[in-house]
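J.: Submitted below is the structure of interest, expressed as structure tokens.
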Amino acid sequence: MAEYLALERKLMLKVVYYGPALSGKTTNLMQLHTLLQPQRKGELMVLETRDDRTLFFDVLPIGLRSTVGLDLRLKLYTVPGQVQHDSTRKAVLSRADGVIFVADSQPAQQDNNANAFDNLTDSLQKLGMDIEQLPLVVQFNKRDVPGAVDEAELQARWAATPWAPLSMASALNGIGVVETFRQLLQRLYPRLDAEFHLAEREGLSRDDFVRHLSDLGGAGDA
């Protein structure tokens, strides 16, 4: 959950990339680190193993300072997709303000996607969080892979859920990565505004919030 330090005028947020092993969670973060130019951008930390891209988590801290002095910081994490790291996934997921679920578009991976989403639902429930109340975006990655499940079929399959429409991406090529991130920011802002009155007290509208945290054109710090 968001952490607000009133005396320091600091608001700290956490977004977690979740999904089955090798679906492209780490690749999303690596592309964001390359593409984004917010007012501040920290170093990307990646821990690799022989059997998965990420053993514990990646973190990409980015931030902005509002026109009236609010110091807003956002950290992005990924979780390991392997089943044996379930306890680590729960630890990283704890106190998340939003989730981006990265699914694999390959037909052979659809059962893995479903199992990972069920695991996400179960993990959130055990943490006392409701998946239908949490800002969440579902991204179907690897759209560039031959034989990928048809987009119309995927959109129809998820149309009745709270997470429609889906985001489509080819993270390896940087396609759809920033758009997915912006979609999550759009869904995250109303909850933050209701709790912290970002527009009224901080002069930070939803458009400003999304633009500053996903800016591609400024001169951010690497």
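The values are calculated or read from the model by the stated rules, or taken from the named source; none is laboratory data. Because the structure is predicted, anything quoted here is derived from the model rather than measured. Note: areas computed on protein heavy atoms with side chains; ligands, DNA, RNA excluded. Shrake-Rupley method; radii C 1.70, N 1.55, O 1.52, S 1.80 Å.
J.: Given contacts defined as C-alpha pairs under 8 Å and at least six residues apart, what's the relative contact order of the chain, whole-number percent? Before the final figure, lay out the partial values.
T.: Numbers: 440 pairs, mean separation 57.1, N = 222.
Reported as a whole number, the value is 26 percent.
J.: Related question: Pop out the carbon and sulfur fraction of the accessible area of the chain as a percent, whole number, probe 1.4 Å. Spell out each step's value before the answer.
T.: Working: 5360 of 10310 Å².
Within the chain, the accessible surface is 52 percent carbon and sulfur.
J.: Can you compute the helix-only [θ] at 222 nm over the chain? Use -39500 (n - 2.57) per DSSP H run of at least 4 residues, normalise by all residues, nearest 500 deg cm²/dmol. Before the final figure, lay out each step's value.
T.: Details: 7 runs with 77 residues, N = 222.
For the chain, the value works out to -10500 deg cm²/dmol.
J.: Another question, if that's okay. State which entries of K41/K126; K14/K41; K14/K126; K10/K126; K41/K142 exceed 24 angstrom in Cα-Cα distance in the structure shown.
T.: Numbers: K41/K126 32 Å; K14/K41 15 Å; K14/K126 18 Å; K10/K126 29 Å; K41/K142 26 Å.
Long pairs (Cα-Cα over 24 Å): K41/K126; K10/K126; K41/K142.
J.: Now a separate question. Just the accessible area per residue of the range 79-222, please: how many Å² with a 1.4 Å probe?
T.: Working: 6730 Å² over 144 residues.
So the range 79-222 comes to 47 Å² accessible per residue, rounded to a whole number.
J.: For the full complex of protein chains and a 1.4 angstrom probe, list R89, R211, R206 by accessible area with the highest value first. Mind dumping the intermediate values first?
T.: Working: R89 15, R211 120, R206 100 Å².
Largest to smallest exposure gives the sequence R211, R206, R89.
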